[in-house]
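Below: one structure in structure tokens.
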Amino acid sequence: MRILVRMPNWLGDAVMATPALNNLLRYHAGAELTLVGSAVVAELFGEDTRFRAVVADNSGKSLGRMAALWRLARGLAREHGPFDEGWTFQNGFSSRLLLWAAGARRRIARVHHGWADWLLTKAVRCDLTRHHAEIYNATVNGGLGTDYPAGPTTVPAPKRFQYLRPTAGLHPGAAYGNAKRWPPERFAEAAISLSRQYDIVLFAGPSERELAEQVEALLIAAGLKNVTNLAGRTSVRELVARIAGLELFVANDSGPMHVAGALGVPTVAVFGSTDHRVTRPWAAERTAVVRRDLSCSPCHARSCPLQHHACMRDITAADVVAASHRLAAPQHRAAG
């Protein structure tokens, strides 16, 4: 049996979809799965031997997006098909078109409410108020007629990077937008305090190097010498290996936050405009969420519509440092 799976584009969503993906593999033991995702997601799963192939979908960067998507789908059909099933965890017309154009005989996704669902053979209704990991998993259960629980998230982990001393990683970015970002100066304040126990490593994507450089400049001005800035300098696989070796990770609601949660790294997750109940690291016991309970939050906006960004600015460095110490307590380590 051959199955085509379209993963979510965002790194964090792809990690949250892994319980569903693992259950799909469990049900179809022995089947050949071809995974399609954004370049970042394809790199994350690129060396996972459970899949026949992992293919990057770069059609969104093309001026003729639909034509590029059609070529990708037909290429998948020729090289890896014919497909008995096609699944998409990405909601929208293009992902459904991909399954149809690739010739998948059975095409499953959650209900999107629109004519795009006509391209499916089964549209699954899900409770969208639940955690994203549960929504993805409900799609698989609905499509298969199963009742599998949403297990923990997983990532294919390369060899764990070995730091010379206990090390804390900080990720001041969040690709979705500024509303999800705790201010760089607060990250720096927290890092100065944490540097008494840990070496500090800064992470961020290529488009967010400036944020990490702002934090780095503040740390250097404070006299810190045990700081390494890796922002924009790691591949996805290198990022995973580096996070795996950390003693502590402090991040906004972001893809690397979900990677750290899946790896069991003690993680302080700073939440502002997004809802921690549906996008916090799933089934990750060694995670502490730091947030403010405001009437305007969560708003899910890319930038603060009220221009005060209080959901993030009201969170102090002391709040994050205290959460970090709680995660590092001996009893918490034993429990994790």
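The values are calculated or read from the model by the stated rules, or taken from the named source; none is laboratory data. Being a predicted model, the structure only gives us computed values, none of them experimental. A quick note on method: Cβ atoms are made from the backbone with ideal geometry, for glycine too, and the neighbour counts reach across all protein chains shown.
Considering only segment 81-111, how many residues are touching a Ser or Thr at 6+ places or on another chain (Cβ under 6 Å) and surrounded by fewer than 17 Cβ atoms within 10 Å (Cβ to Cβ)?
Count: 1.
Now, a different point. Within the bounds of segment 225-241, is there any residue that is touching a residue at least 12 places away in the same chain (Cβ under 8 Å), among the basic types (Lys, Arg) and either buried (at least 23 other Cβ atoms within 10 Å of the Cβ) or within 21 Å of Lys180 (Cβ to Cβ) (or both)?
The answer is no; no qualifying residue exists.
Follow-up question, since we're still on this one. From Ala179, Ala174, Ala188, which residue is touching a Cys at 6+ places or on another chain (Cβ under 9 Å), in the same structural domain as Ala241 (by TED's automatic domain parsing), crowded, with 17+ Cβ neighbours inside 10 Å and not hydroxyl-bearing (Ser, Thr, Tyr)? I'd like the intermediate steps shown before the answer.
On the way: Ala174 fails: touching a Cys at 6+ places or on another chain (Cβ under 9 Å); Ala188 fails: touching a Cys at 6+ places or on another chain (Cβ under 9 Å).
After applying the criteria, what remains is Ala179.
Let me ask something else. Restricting the search to segment 201-226, which residues are in contact with a Ser or Thr (Cβ under 8 Å, 6 or more places away or on another chain) and more than 29 Å from Cys304 (Cα to Cα)?
If the condition is that a residue be in contact with a Ser or Thr (Cβ under 8 Å, 6 or more places away or on another chain) and more than 29 Å from Cys304 (Cα to Cα), then Leu224, Asn226 are the ones that fit.
Here is a follow-up. Could you tell me which residue of segment 47-73 is nearest to Arg237 (Cα to Cα), considering only residues that are of a type in the set (S, T, N, Q) and surrounded by 12 or more Cβ atoms within 10 Å (Cβ to Cβ)? Let's see the steps before the verdict.
Let us first name the residues in segment 47-73 that are of a type in the set (S, T, N, Q), namely 49, 58-59, 62.
From what is left, the residues that are surrounded by 12 or more Cβ atoms within 10 Å (Cβ to Cβ) are 58-59, 62.
Working: Asn58: 19, Ser59: 23, Ser62: 25 Å.
Only one residue tops the list, namely Asn58.
Among the residues of segment 165-205, how many are over 17 Å from Arg313 (Cα atoms) and assigned to a strand (DSSP E or B)? Write out each step before concluding.
Step one: list which residues in segment 165-205 are over 17 Å from Arg313 (Cα atoms), which gives 165-170, 175-176, 192-205.
From what is left, the residues that are assigned to a strand (DSSP E or B) are 167-170, 199-202.
Residues in segment 165-205 being over 17 Å from Arg313 (Cα atoms) and assigned to a strand (DSSP E or B): 8 in total.
With the condition kept exactly as written, say whether any residue in segment 198-217 is more than 23 Å from the chain's Cα centre (by Cα), assigned by TED's automatic domain parsing to the domain that holds Ser324 and among the hydrophobic types (A, V, I, L, M, F, W, C).
Yes, some residue in segment 198-217 is more than 23 Å from the chain's Cα centre (by Cα), assigned by TED's automatic domain parsing to the domain that holds Ser324 and among the hydrophobic types (A, V, I, L, M, F, W, C).
Under the condition of being free of Cβ contacts under 8 Å to residues at least 40 places away in the same chain and of a type in the set (A, V, I, L, M, F, W, C), which residue from segment 32-46 is surrounded by the fewest Cβ atoms within 10 Å (Cβ to Cβ)?
That would be Ala39.
State whether the residues of segment 284-295 include one that is of a type outside the set (Lys, Arg), surrounded by fewer than 16 Cβ atoms within 10 Å (Cβ to Cβ), more than 20 Å from the chain's Cα centre (by Cα) and more than 26 Å from Glu134 (Cβ to Cβ).
yes
Turning to a different aspect of this structure: Output the residue which, of all residues in segment 133-164 that are part of a helix (DSSP H, G or I) and small (Gly, Ala, Ser), is surrounded by the most Cβ atoms within 10 Å (Cβ to Cβ).
The first filter runs over segment 133-164 and keeps only residues part of a helix (DSSP H, G or I), leaving 133-144.
Next cut, small (Gly, Ala, Ser) only: 133, 138, 142-143.
Values: Ala133: 26, Ala138: 20, Gly142: 18, Gly143: 23.
Step by step, filter segment 133-164, then rank; the result is Ala133.
Oh, and also: Report yes if some residue within segment 123-132 is in a loop (DSSP other than H, G, I, E, B) and under 21 Å from Leu44 (Cα atoms); otherwise report no. Give the steps one after another, and end with the answer.
Of all residues in segment 123-132, those in a loop (DSSP other than H, G, I, E, B) come to 125-131.
In the following step, the residues that additionally are under 21 Å from Leu44 (Cα atoms) were identified as none.
No: zero hits.
If you take the residues in segment 297-310 that are farther than 14 Å from His276 by Cα and without any contact (Cβ under 8 Å) to a residue 40 or more places away in the chain, which one is surrounded by the fewest Cβ atoms within 10 Å (Cβ to Cβ)?
Here the answer is Gln307.
OK, next. Could you tell me which of the residues Ala322, Ala310, Ala317 is touching an Asp or Glu at 6+ places or on another chain (Cβ under 6 Å), at pLDDT 90 or above, farther than 24 Å from Ala133 by Cα and in the same structural domain as Pro183 (by TED's automatic domain parsing)? Can you show your working first?
Details: Ala322 fails: touching an Asp or Glu at 6+ places or on another chain (Cβ under 6 Å); Ala310 fails: touching an Asp or Glu at 6+ places or on another chain (Cβ under 6 Å).
Sole residue among the options that is touching an Asp or Glu at 6+ places or on another chain (Cβ under 6 Å), at pLDDT 90 or above, farther than 24 Å from Ala133 by Cα and in the same structural domain as Pro183 (by TED's automatic domain parsing): Ala317.
Can you find a residue in segment 155-173 that is at positive phi, of a type outside the set (D, E, K, R) and at pLDDT below 95? Lay out the reasoning, then the answer.
Residues of segment 155-173 that are at positive phi, as a first pass: none.
No: segment 155-173 contains no residue that is at positive phi, of a type outside the set (D, E, K, R) and at pLDDT below 95.
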